[in-house]
Each structure stands twice: as structure tokens, then as C-alpha cells.
Amino acid sequence: MPEFPEVETVRRQLNETISGYTVGELWFDAVSVLRPNPEKISVELTGKKILSVDRKGKWIVINFEDTTSCLVIHLKLTGRLFVKRIDEKQAPYTHVILGLARNTICSFSENNCDTTLQFSTMRKFGYLEVMKKAELMEKFSNLGPDFYEDVTLNMFADALASRKIAIKTLLMNQDILSGIGNIYANDALWMAKIDPQTKAHSLDKGQREGLFTALKEVLAEGLALGGASDQWFLNVFGEKGGYQNHFKVYGKKGTPCTRCGNEIKYTKIAGRGTYYCSSCQHNL
Ligand SMILES: [Zn+2]
């Protein structure tokens, strides 16, 4: 599932490529990925000019001029967003195409769309949802602060202080901290030499600081490399990211730890695949 580096890569590219465009015709062949329904999206957004593209945790939020509505997108496991002309080859599993034009409300029959926003998803867990700004506030009222953008060392220490769950489980809980998922949690814990099973509240000051720094570093590295494309992720231009070539332990079961040479182990914590070095990642 895309995490901060992947979603932020898409957000930045969308903000640069579709801001200023006006929404035209909406085509779809899967009703379930358009919420609450396709008609509502068309009624609310047709003719509206895109103002900017934001991000809330792992969600993308498209803002429009002259409306209190916005379009919220979650990619989930197999979702991809592409910006491409209508005459370019479609990606497999493309289920939504939103026509966009500079100075008109375009339609596919008139062939006057300057570009399109296309959503593909094999498993159809991802979605596009139109909602009012007030509903958006409500939807995200339980979302934890964005780790990369907003969380300070003091906030991080407070988040860990009273929680007796495995540190790895805490890092991936979007209600506590948002933006971190399985790949970057695994790798940051290795960088900080912390056993993923360690209870969050039991980390000492040095471990907390080391983990905080490792998380900021690994998310920055993932973003600089355009995300991780070990599975589905592609950016809006259809290109792969590069972080999958820089995994520290994620996906490396059975290979030597690059720090100490011992074999990387694999287990599950809270149902999620966990990679770690039992030699150089310590519990207390
Ligand atoms: Zn090691």
C-alpha cells in the first residue's frame, strides 16, 4: 500500500500538472470506486477549476475554486492515478477517466479535452469520493498528525509514552501517526537498531531519538527516489519509483544484514510481514 513517499510523489505531480484545469466529462465502468455515486461527482465538480492538490496521511485531496466540495482519493493496494491525453494508451484496469481542459468544459465526443486524470485499480479497493469541506474535517478528525510534515520529537515521545503495543504496530497506526506504512516502518526500525517487537512505551530517550531521526531520513529518501515500486506503485506519468532498490531489510528475508552479516529474519507482527536482524536490532 502506498505510504507517505508514494502518495506525496503523486500529490506533487498532480498539483503541478492539473491545477488550473477545469473538470469536464466523467467516464467510468465501475460504479463502486466513485463515491457516493458518479452522478454526485459530476453534479458537484463539472465546470469547476482545480485549485490545488493536498494530502492527508495516505489520502489525496483535490481542491476546487468556487466550491466547498473536494475530491478525496485513496489508492489502497492496487490504485494508480495517471495524467495523460485521451489518445494515449490506457493502463490496464482503468475504470475512471476525468476529462480536463484549460478553458472549456470538455467532452470525449467533442474531443476537446486537453488532458485527463485516469484511475486504474485491479482490486477496486481504492476510490474517488466527492465531499464537502466540513465532511472532510469529520473524516480526518481521528487521523494522527502527519509524521513527516508535522511531528516533532516531543510529539513523537508523547505518542509512545503510554502505549504498551509493539513499536512497529504503533508506527503503522494512522490514528496515532499518519503516513508511515509497512515498508518504511521495517526499514526505519533496522536503521535505529530497534527490535520491532519492543513495546513502544519502553523505548529509552536515545532509542526514541534514533527512531525519530531514522523515520524522517527513510521517508525523505523514499520521497527523493520517487517512492517504492516493488509491487503496484507507479507515478502519474507511469514511471516506477526507485526506493525498492534501496530497501534496508524490507523484503530481504534470508539475505545477509548489510550491517552485521547475520541473516535477515521474517515474522508477522499484528498480521503484517516484518523483516529484522535479530543480531543487531535489540529489545531492551
Ligand atoms: Zn544486523
Filter pass, Asn186 being more than 16 Å from the ligand (Cβ to nearest atom) and either surrounded by fewer than 18 Cβ atoms within 10 Å (Cβ to Cβ) or of a type outside the set (A, V, I, L, M, F, W, C) (or both): no
For Leu215: the one exception among (1) part of a helix (DSSP H, G or I); (2) within 16 Å of the ligand (Cβ to nearest atom): (2)
Test set (1) part of a helix (DSSP H, G or I); (2) under 15 Å from the mean Cα position of the chain (by Cα) - Ser229 fails condition number: (1)
Residue check for Lys89: among the charged types (D, E, K, R), part of a loop (DSSP other than H, G, I, E, B) and under 17 Å from Pro36 (Cβ atoms): no
Only one of Lys40, Lys84 that is surrounded by fewer than 22 Cβ atoms within 10 Å (Cβ to Cβ), farther than 14 Å from Leu117 by Cβ, in contact (Cβ under 8 Å) with a residue 40 or more places away in the chain and not assigned by TED's automatic domain parsing to the domain that holds Met172: Lys40
For Gln281: the one exception among (1) touching a Ser or Thr at 6+ places or on another chain (Cβ under 6 Å); (2) polar (S, T, N, Q); (3) open to solvent by less than 30 Å² (accessible area, probe 1.4 Å); (4) within 16 Å of the ligand (Cβ to nearest atom): (1)
Matching residues in the stretch 212-226 - criterion: being more than 15 Å from the chain's Cα centre (by Cα) and open to solvent by less than 40 Å² (accessible area, probe 1.4 Å): Phe212, Ala214, Leu215
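Hey, could you check the stretch 229-250 for residues that are open to solvent by less than 50 Å² (accessible area, probe 1.4 Å) and out of contact with any helix residue (DSSP H, G or I) (no Cβ under 7 Å at 6 or more places or on another chain) and say which is farthest from the ligand (Cβ to nearest atom)?
Here the residue is Gly238.
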Pair list, Cβ under 8 Å, 6 or more apart: the stretch 94-117 residue free of Cβ contacts under 8 Å to residues at least 40 places away in the same chain, other residue of a type in the set (D, E, K, R) and assigned to a loop (DSSP other than H, G, I, E, B): Thr116/Arg85
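For the stretch 81-96, does any single residue satisfy the condition of being over 24 Å from the mean Cα position of the chain (by Cα) and under 21 Å from Trp232 (Cβ atoms)?
Yes, because at least one residue in the stretch 81-96 is over 24 Å from the mean Cα position of the chain (by Cα) and under 21 Å from Trp232 (Cβ atoms).
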Among residues of the stretch 137-178, those that are open to solvent by 20 Å² or more (accessible area, probe 1.4 Å), of a type in the set (D, E, K, R) and under 14 Å from the mean Cα position of the chain (by Cα), counted: 1
Residues that are assigned to a loop (DSSP other than H, G, I, E, B) and closer than 23 Å to Gly222 by Cβ, drawn from the stretch 159-197: Asn173, Gln174, Asp175, Ile176, Leu177, Gly179, Ile180, Gly181, Ala192, Lys193, Asp195, Pro196
Answer residue from the stretch 43-70, given it is of a type outside the set (D, E, K, R) and outside any strand (DSSP E or B) and is most open to solvent (accessible area, probe 1.4 Å) among those: Val43
Subset of the stretch 266-278 (residues that are in contact (Cβ under 8 Å) with a residue 12 or more places away in the chain and either within 10 Å of the ligand (Cβ to nearest atom) or not in a strand (DSSP E or B) (or both)): Ala270, Tyr276, Cys277, Ser278
Test set (1) within 16 Å of the ligand (Cβ to nearest atom); (2) within 18 Å of Met1 (Cβ to Cβ) - Gly261 fails condition number: (2)
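The values are calculated or read from the model by the stated rules, or taken from the named source; none is laboratory data. In this text, all values refer to a predicted model and were calculated from it rather than measured experimentally. Using ideal geometry, Cβ is built from the backbone for each residue, glycine included, and neighbour counts are taken over all protein chains shown. Ligands, DNA and RNA are stripped out before the accessible areas are found, and what is left, the full protein with its side chains, is counted by its heavy atoms. Shrake-Rupley method; radii C 1.70, N 1.55, O 1.52, S 1.80 Å.
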